[in-house]
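> Below: one structure in structure tokens.
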Amino acid sequence: MRSAVKRGWFSALVGRFSVSFWQVLVTCLALNIFALAPPIFIMMVYDRVISPYDLSSLAMLTAGVSMALVAEWALRDIRSEGLAWMTARLDNLVGGRIFSHLIGLSPALIERASVAAQVARIRTFESVRDFFSSAVFLSFLEIPFVVIAVGVMWAVAGPLVLVPVCMIAGYAALFFTMQARIRRVMRLAAKATSARQQFIIESHERLRSIRVNGLGKAWEDKFDTLTGRDAVLGFRLSFLGTVAETLAHALTVLSAVLTIGFGVGLIWAGSITTGALVASMILVWRILLPFYSLCTMIPRLEQLRSSIEQVNSLMDIESEAELAQTAASLNALRGHIVIDSATLRYENAVSPAIDSLMLDLPPGRMAAVTGRNGSGKSSLLKLVKGLYRPESGAVRIDGYDIRQMDAAELRRQIAYVPQKPDFFPGTLRENIAIGNPFASETDIENALLLADAWEDCRSQLDKTIAEVHMTPSLAARLSLARAYLQNAAVVLIDEMPNTLMNGTAGENLRTYIRQSHGKRTIIAVAHRGDLLALADVIIHLRRGAKAAAGNREDMLRHLREAA
């Protein structure tokens, strides 16, 4: 609907505030009318009090301008309150929508972006929010009503009004000339700043590897280069902003000089009075102030435009929920998994991570995935869970292409044990029951016993995750406990540490797989013979070669030949 009317997401959202904008504009109209009282008062004092030495009208003029000033103060208070409400409401709406939209995007899109890029996306709206509460936005609101001050100045000073009118043209020329230059430099500066921030974050993430490989000096040199480029572009941007502000100030001073110069000539010619010249000086400032403010805020306006473009482009990416509006919905999975010539290729990768995989896994059966490191074993599990989409071919569960299913609903019905589990703010109990929040105390205890983690966790269930000493072994066992507790029809298990598989947790996992036969479908990454022996189907993945899959006996023979 937005594309049909050529409107961006942000523009459509702001349209919800049209009534409030009109109320603010009406307030601005009244403000501009009452703001004419001081210059008219000064003109009347010069012409009717000072020149004829007549004080009879001074009291009435003072009372009139005082009422106008009180009304102007009240209207400014109303306008400020309205703008503050709009700003807070927009901040709430847009900030919440950006965050929820990011959470709802396809995992493949999110994983490709760096941490710095994700943070930048969430902070994008800050400049937009600040704009609505700034003097620049007030200047925008004042521009339509400049014509009122121009009309009053023409009425009291005649041809002298040509001075501010010509200066408006000068401000416009300055604005568009500097805007083009600042926009170009700002784009380069934004890229340089983003590259520097991303380099800092990635360096902290890889700090140990940098030290181990003795790359400290090379990393320092690269950081110096990125910082220098960022500083130079930042200087150029600041310099152009200062030039624009200086030239705008020069135009303002020039307008004052021209107003006085031409005004004195008109007074001598008897065309205007001294009071009219003084009032004209005030009106000139009022006419030109919004245009001066815009010229001094060109970098900020460009940042605003860039932020709105980023918000629009982000919100135009369809989230999984939007893609699932016409998706099939299943009440419960049976677990019949069919992979039909599926090929998965990462972005910018030359060779596919998974090439033409064929698999037909009936409900209640187990498939073991084997292959060397980097052959795509974890990617296959993510493909089945709907975290990745195949480049070609299809993945079907219970006869439905997973691209036609509600992605969130599909994932809730699939238990997943990753290599590196994530834990979230909250108690240990909440983290264990994250896939089954209504689990009873007995269910949690049984899951932890099965994962051989009960003794380590029984006294810490109500501690926050930050208070728990989380070793890699405990993390892996808690990940298993989550899967046990979820009691899903489809279970995906990534490669488990050998130390875990050699202990009680490994023995319990093998028992769980045997007892699940005919009840739930399991796909597990396995190198060990004890797990391969439990599989009905074995999948062999090889980098740069087509995937192979078949029954256990045939694939064990294939693996021996390939060894």
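> Being in a loop (DSSP other than H, G, I, E, B) and touching a Leu at 6+ places or on another chain (Cβ under 7 Å) is the requirement here; does L461 meet it?
So L461 fits the description; yes.
> Now a separate question. Could you list, in sequence order, the residues of segment 209-225 that are among the β-branched types (V, I, T) and either over 18 Å from R196 (Cβ atoms) or modelled with pLDDT of 80 or more (or both)?
Scanning segment 209-225 gives V212, T225.
> Take segment 503-537 and flag every residue that is under 41 Å from the mean Cα position of the chain (by Cα) and either not assigned by TED's automatic domain parsing to the domain that holds N487 or not in a helix (DSSP H, G or I) (or both).
R520, T521, I522, I523, A524, V525, A526, H527
> Looking at segment 424-458, which of the residues that are in a loop (DSSP other than H, G, I, E, B) and touching a residue at least 40 places away in the same chain (Cβ under 8 Å) is nearest to I513 (Cα to Cα)?
A451
> Continuing with this model, one more query. Exactly one condition in (1) farther than 23 Å from L105 by Cβ; (2) in contact with a Leu (Cβ under 8 Å, 6 or more places away or on another chain); (3) surrounded by fewer than 16 Cβ atoms within 10 Å (Cβ to Cβ) is false for G426; which is it?
(2)
> Looking only at residues that are among the hydroxyl-bearing types (S, T, Y) and under 16 Å from A172 (Cβ atoms) in segment 236-255, which one is farthest from the chain's Cα centre (by Cα)?
S255
> For the structure I just gave you, tell me whether R129 is among the basic types (K, R), assigned to a helix (DSSP H, G or I), touching a helix residue (DSSP H, G or I) at 6+ places or on another chain (Cβ under 7 Å) and at pLDDT below 85.
The answer is yes for R129.
> Condition check: in contact (Cβ under 8 Å) with a residue 24 or more places away in the chain and small (G, A, S). Does A548 satisfy that?
Spelling it out, it is not the case that A548 is in contact (Cβ under 8 Å) with a residue 24 or more places away in the chain and small (G, A, S).
> Can I ask one more? When segment 506-530 is examined, which residues are found to be touching a helix residue (DSSP H, G or I) at 6+ places or on another chain (Cβ under 7 Å) and over 25 Å from R396 (Cβ atoms)?
Hits for segment 506-530 are G506, N508, L509, R510, Y512, R528, D530.
> Then there's this: Among the helices (runs of 4 or more DSSP H) contained in segment 246-347, which hold 2 or more residues that are modelled with pLDDT of 90 or more, under 30 Å from Y46 (Cβ atoms) and of a type in the set (F, W, Y)?
Here the list reads 274-296.
> Got a number for residues in segment 34-52 being part of a helix (DSSP H, G or I) and either of a type in the set (A, V, I, L, M, F, W, C) or not assigned by TED's automatic domain parsing to the domain that holds I143 (or both)?
10
So that you can scan it fast, the table gives a plain yes or no per residue for (1) part of a helix (DSSP H, G or I); (2) surrounded by 14 or more Cβ atoms within 10 Å (Cβ to Cβ); (3) touching a residue at least 24 places away in the same chain (Cβ under 8 Å):
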| site | (1), (2), (3) |
| --- | --- |
| C28 | yes, yes, yes |
| N32 | yes, yes, yes |
| D54 | no, no, no |
| A59 | yes, no, no |
| W73 | yes, no, no |
| V94 | yes, yes, yes |
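> Which of (1) hydrophobic (A, V, I, L, M, F, W, C); (2) modelled with pLDDT under 80; (3) exposed (fewer than 15 other Cβ atoms within 10 Å of the Cβ) is the odd one out, the single condition A63 does not satisfy?
Every listed condition holds for A63 apart from (2).
> Could you grab me the full set of residues in segment 504-532 that are surrounded by fewer than 20 Cβ atoms within 10 Å (Cβ to Cβ), of a type outside the set (K, R) and closer than 30 Å to R345 by Cα?
Selection gives H527, G529, L532.
> Have a look at S20, S66 and point out the one that is among the hydroxyl-bearing types (S, T, Y), under 30 Å from F132 (Cβ atoms) and either part of a helix (DSSP H, G or I) or in contact (Cβ under 8 Å) with a residue 12 or more places away in the chain (or both).
S20
> Next question, about the same structure. Output the qualifying pairs, or none if there are none: Cβ atoms under 7 angstrom, residues six or more apart or on different chains, first residue in segment 395-419 and within 18 Å of R334 (Cβ to Cβ), second residue among the acidic types (D, E) and at pLDDT 85 or above.
Between residues of segment 395-419 that are within 18 Å of R334 (Cβ to Cβ) and residues that are among the acidic types (D, E) and at pLDDT 85 or above, the close pairs are R396/D340.
The values are calculated or read from the model by the stated rules, or taken from the named source; none is laboratory data. Note that the structure is predicted; figures quoted are calculated from it, not measured. Glycine gets a Cβ as well: all are built from the backbone with ideal geometry, and neighbour counts include every protein chain shown.
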